[in-house]
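J.: Right, I'll just put the structure down here and ask away after.
Coordinate-derived values only; no laboratory data. None of the values given here were measured: they were computed from a predicted structure. Virtual Cβ from ideal backbone geometry, glycine too; neighbours counted across all protein chains shown.
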Amino acid sequence: MSAILSLKGLNKVFGRGRSAVHAVKDVSLDVAQGECLAIVGESGSGKTTLANMILGVIPASSGSIELNGVALPHKRTLEHRRAIQLVQQNPLSSLNPKRSVGASVRLGLDVYEIGDRADREGKVEAVLSDVGLDPELRKRSPAALSGGQRQRVAIARALACDSRLIVLDEPTSALDVLVQARVLRLLDTLRREKGLTYLFITHDLSVVRNIADRVAVFNAGSLVEFADTETLFNSPQQDYTRQLISAVPVLSAEELNFRSALQSREHKE
Amino acid sequence: MNRTMVILFRNPLSLLGLLLVTLVVVLAVFADFIAPFPEHRGAVVDFVYFNKAPTARNIMGTDLVGRDLFSRIIYAYRISLILGVVVLAIAVPIGVIVGLFAGYLGGKSEFVLMRLTDVFLSIPPLVLAIAMMGVLEPTLLNAMLAVTAMWWPWYARLVYNVARSEREEGYVLAAEVIGASKYHIVFREILPNCLPAIITKMTLDMGFVIIIASSLSFLGLGVQPPTPDLGSMVAEGARYLPDSWWLTVFPGLAILIAVFGFNLIGDALREILGAEQ
């Protein structure tokens, strides 16, 4: 597997002098083509700062970000921007309440000037049905949609420009449990069908176990452990990772049965 | 539309506001057809009927040179509305653009734009307008300029506050990540979310602009005779109180009706547009 994204010695320091905060410390890691790499850590561990640097929203203090072997400048071109898309945590805020669902999904197509007007409308419809929504919803306001539907729209927006790398910043943590499961399943299916690569940022280890191939554990801005999901859960090497794993509430056998029954029932729907 | 109707009809004051504003606008627009003596808006003298109390011929009486007060009030409404519309048409875009960019860009732009706004806000509006009118010729155009100069900072401040909170919303980040231009983010993403606040304030301000313009005219700094203006009519008539009460009372009431109407409508709009967010 070749690396689609490489981070080399990435640092981010906010502020100066005594009040400086070292939010991301010397992070180096590769994201392989087609994998789902989870970035795990508690709040304030530098996950979102890392994502913002990768997305080119804030500049790195030092180090480099390479996309397909080419270093990305902080001033990204539209081509660079098109390559990496984002799905945010809160679908209530990530869609503009004053713009239609279709306009939000179409934004990238407009900005990158992909196809003509009719092509773009067609693409919006196609990508909405890809995420399991009625294409007719494109004319609606986000206010008319449920939380789960809105997050699907946000996913559709990230997919609309055929980007291969998607940063998912806690994409399910604002949703209730059942909707969470459906959105995760959708993300997993899309990844297989479209050959997407995910950088999945989360603090929820139970989600990680379900969807990630590899896991990078962050603590106070540093990468403390980086391993295959199975290896990490079965034999964590670091104390911090062990603490994180043991903090996940363990489900009783009864609850597990209940959940799998629910899931199979959903499957039949 | 339905919800709008419900709010309008549930609150009788909103309905009254709508009624008053419609009345004022209809009078101003169709002044030529409604005014019993259209020619009285200019320099006309009629000594047969000068300074008469209200009668069937002149329902609001006549002024000191015999002009029909009702006709002059109707034409004064026209001037007031034109003044309000022109002032807002210039002040609102300036204030909105300053506020949007200061709120979205932050940093140095925010500092420069908002301190400039503060400079204007720190001068009492009427004093600024009086100073400007003292330097410039007291004409209708200059009255508009003076009022505009003191009006835009309020829009800059209002929009700046809304834009600064909208900047933190996820949809702005989403547009930035996609690479949309600043122009798109400011005007297509943030501005629509500021519109309810702007429209509400514009409606309320129509009333205030009419008051300020009338105050300037009252001081002799606004619209000049023989053009009819509510403020100068009140000022002129005040000297003949209480004997020729109609000279002050009717123009005063006219100001009251217009300002009251726009304020009521503004409150209703705040509810209608605000609740949609």
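J.: Take the Cα of residue A:2, step 7 Å along the line toward its Cβ, and report every residue of the stretch A:53-85 whose backbone nitrogen sits under 11 Å from that point.
T.: Of the residues in the stretch A:53-85, A:68-70 have backbone N under 11 Å from the label point off residue A:2.
J.: Could you give the dipole magnitude of the stretch A:141-215 about its Cα centre, charging the beta-carbon of Lys and Arg +1 and that of Asp and Glu -1, in debye to the nearest 20?
T.: Magnitude of the dipole: close to 220 debye.
J.: Using the charge dipole of chain A (Lys, Arg: +1 at Cβ; Asp, Glu: -1 at Cβ; taken about the Cα centre), state which of A:15, A:156, A:174 has its Cα farthest towards the positive end.
T.: Farthest towards the positive end: A:15.
J.: Which listed residue (A:131, A:52, B:141) has the Cα farthest towards the positive end of the charge dipole for the protein assembly as shown, taking +1 on Lys and Arg C-beta and -1 on Asp and Glu C-beta about the Cα centre?
T.: Most positive-ward Cα: B:141.
J.: Which trypsin sites (Lys or Arg not before Pro) from the stretch B:176-277 combine a DSSP loop assignment with at most 10 other Cβ atoms within 10 Å?
T.: Answer in residue order: B:239.
J.: Starting at the first residue of the stretch A:123-132, write each ³J(HN,Hα) from the Karplus equation 6.51 cos²θ - 1.76 cosθ + 1.60 with θ = phi - 60°, in whole Hz, x for Gly and Pro.
T.: Using θ = phi - 60°, the values come out as 5, 4, 4, 4, 6, 5, 6, 4, 8, x Hz.
J.: Mind giving me the nanometre distance, one decimal, between the label points for residue B:89 and residue B:51, set 7 Å out from Cα along Cα→Cβ?
T.: The modelled label-to-label distance comes out at 4.1 nm.
J.: Each label point is 7 Å from the Cα along the Cα-to-Cβ direction; what then is the distance between the points at residue B:165 and residue A:79, in nm?
T.: If labels sit at residue B:165 and residue A:79, their model points lie 4.3 nm apart.
J.: A further question follows. About the Cα centre, and with charges only on the beta carbon of Lys, Arg (+1) and Asp, Glu (-1), how big is the dipole of the protein assembly as shown? Nearest 20 debye, please. Walk me through the numbers before you get to the answer.
T.: Details: 52 positive and 51 negative charges, 64 e Å.
Rounded to the nearest 20 debye, it is 300 debye.
J.: May I pose another question? Which of the three applies to chain A, rounded, prolate or oblate, going by the alpha-carbon gyration tensor with a ≥ b ≥ c and a/c under 1.5 meaning rounded?
T.: Because a/c hits 1.5 or more and a/b fails to exceed b/c, chain A counts as oblate.
J.: Averaged over B:163-172, how many beta carbons belonging to a partner chain fall within 10 Å of each residue's beta carbon?
T.: On the way: counts 0, 0, 0, 1, 0, 1, 7, 12, 13, 3.
Mean partner-chain Cβ count within 10 Å for B:163-172: 4.
J.: Antiparallel versus total DSSP beta bridges in the protein assembly as shown: what percent is that, nearest 5?
T.: 55 percent
J.: Let me ask something else. How much FRET efficiency would the formula 1/(1 + (r/R0)^6) give for residue A:129 and residue B:30, where r is the Cβ-Cβ distance and R0 is 41 Å, rounded to 0.05?
T.: So, using R0 = 41 Å, E works out to roughly 0.15.
J.: Apply the membrane-span-like helix rule to chain B: whole DSSP H runs, Cα extent along the own long axis of at least 24 Å, mean Kyte-Doolittle hydropathy at least 0.5. List the helices found.
T.: Numbers: long enough: B:12-29 (25 Å, 2.76); B:69-105 (52 Å, 2.02); B:140-167 (39 Å, 0.29); B:191-218 (39 Å, 1.40); B:246-274 (41 Å, 1.49).
Those that pass (Cα extent of 24 Å or more, hydropathy at least 0.5) are B:12-29, B:69-105, B:191-218, B:246-274.
J.: Loop-only chymotrypsin sites (Phe, Trp or Tyr not before Pro) in the stretch B:25-118, please: DSSP not H, G, I, E or B, and at most 10 other Cβ atoms within 10 Å.
T.: Values: sites: B:30, B:33, B:47, B:49, B:50, B:70, B:75, B:77, B:101, B:104, B:111; in loops: B:30, B:47, B:49, B:50.
Of the chymotrypsin sites (Phe, Trp or Tyr not before Pro), the ones in loops of the stretch B:25-118 whose Cβ has at most 10 other Cβ atoms within 10 Å are B:47.
J.: Further, regarding this structure: Using DSSP to define loop residues, name the trypsin sites (Lys or Arg not before Pro) in the stretch A:44-114 whose beta-carbon has at most 11 other beta-carbon atoms within 10 Å.
T.: Passing both the DSSP loop test and the Cβ count: A:75.
J.: What does the extension gain come out to for residue A:228 and residue A:176, with contour length at 0.36 nm per residue minus their alpha carbon separation?
T.: Stretched fully, the residue A:228-residue A:176 segment lengthens by 16.0 nm.
J.: Here's another thing I want to ask about it. Cross-link partners among lysines for residue A:75, C-alpha distance below 17 Å, same-chain residues fewer than 8 apart left out?
T.: Counting by Cα, and skipping residues close in sequence, residue A:75 has these lysines nearby: A:12, B:182.
J.: Calculate one ³J(HN,Hα) per residue across the stretch A:183-196 by plugging θ = phi - 60° into the Karplus curve 6.51 cos²θ - 1.76 cosθ + 1.60, and present them in order as whole Hz with x for glycine and proline.
T.: 5, 4, 5, 4, 4, 5, 4, 4, 4, 5, 5, 9, x, 7
J.: Can you give me the relative contact order of the stretch A:1-78 as a percent, contacts being Cα pairs under 8 Å and 6 or more apart? If you can, show how the numbers build up before the last one.
T.: Numbers: 123 pairs, mean separation 30.3, N = 78.
Reported relative contact order: 39 percent.
J.: Under 5 Å between amide H atoms, partner at least 5 residues away or on a different chain: which partners does residue A:34 have, H built in plane at 1.01 Å?
T.: A:197
J.: Continuing with this model, one more query. Roughly how many nanometres apart are two label points built 7 Å out from the Cα toward the Cβ at residue A:66 and residue A:121?
T.: With each label point 7 Å from Cα toward Cβ, the separation is 4.5 nm.
J.: Would you be so kind as to identify which of A:201, A:226, A:244 lies farthest towards the positive end of the dipole of chain A, taking Lys and Arg as +1 and Asp and Glu as -1 on Cβ and the Cα centre as origin?
T.: A:201
J.: Further question on the same structure: Quote the FRET efficiency, to the nearest 0.05, computed for residue B:13 versus residue B:116 with a Förster distance R0 of 41 Å and r equal to the Cβ-Cβ distance.
T.: 0.60
J.: Quote the charge dipole size of the stretch B:40-160 about the Cα centre in Debye, to the nearest 20; the model charges only the Cβ of Lys and Arg (+1) and of Asp and Glu (-1).
T.: Around 200 debye, computed over the stretch B:40-160.
J.: Also, quick follow-up: Averaged over A:104-114, how many beta carbons belonging to a partner chain fall within 10 Å of each residue's beta carbon?
T.: Partner Cβ neighbours, averaged per residue: 3.
J.: What relative contact order, as a whole-number percentage, does chain B give when Cα pairs under 8 Å and 6 or more residues apart are counted?
T.: Details: 407 pairs, mean separation 68.6, N = 277.
Dividing the mean separation by the residue count of chain B yields 25 percent.
J.: Separate question: Return the calculated 222 nm mean residue ellipticity for chain A, to the nearest 500 deg cm²/dmol, obtained by summing -39500 (n - 2.57) across DSSP H runs with n ≥ 4 and dividing by the residue count. Numbers along the way, then the final one.
T.: On the way: 11 runs with 111 residues, N = 269.
Computed mean residue ellipticity for chain A: -12000 deg cm²/dmol.
J.: Give me the number: length gained by fully extending residue B:139 to residue B:43, i.e. 0.36 nm times residue separation minus the C-alpha to C-alpha distance, one decimal in nm. Each step should come with its number before you reach the end.
T.: Details: separation 96, 0.36 × 96 = 34.56 nm, distance 1.67 nm.
Gain in length upon complete extension: 32.9 nm.
J.: Helix-only estimate, please: 222 nm mean residue ellipticity of chain B, summing -39500 (n - 2.57) across DSSP H runs of length 4 or more and dividing by its residues, to the nearest 500.
T.: When only DSSP H runs of four or more count, the value is -24000 deg cm²/dmol.
J.: Separate question: Scanning chain B for GluC sites (Glu not before Pro) in DSSP loops with at most 15 other Cβ atoms within 10 Å, what's the longest stretch left with none?
T.: Working: sites that count: B:168, B:276.
For GluC sites (Glu not before Pro) (loop position, at most 15 other Cβ atoms within 10 Å), the longest site-free span of chain B is B:1-167.
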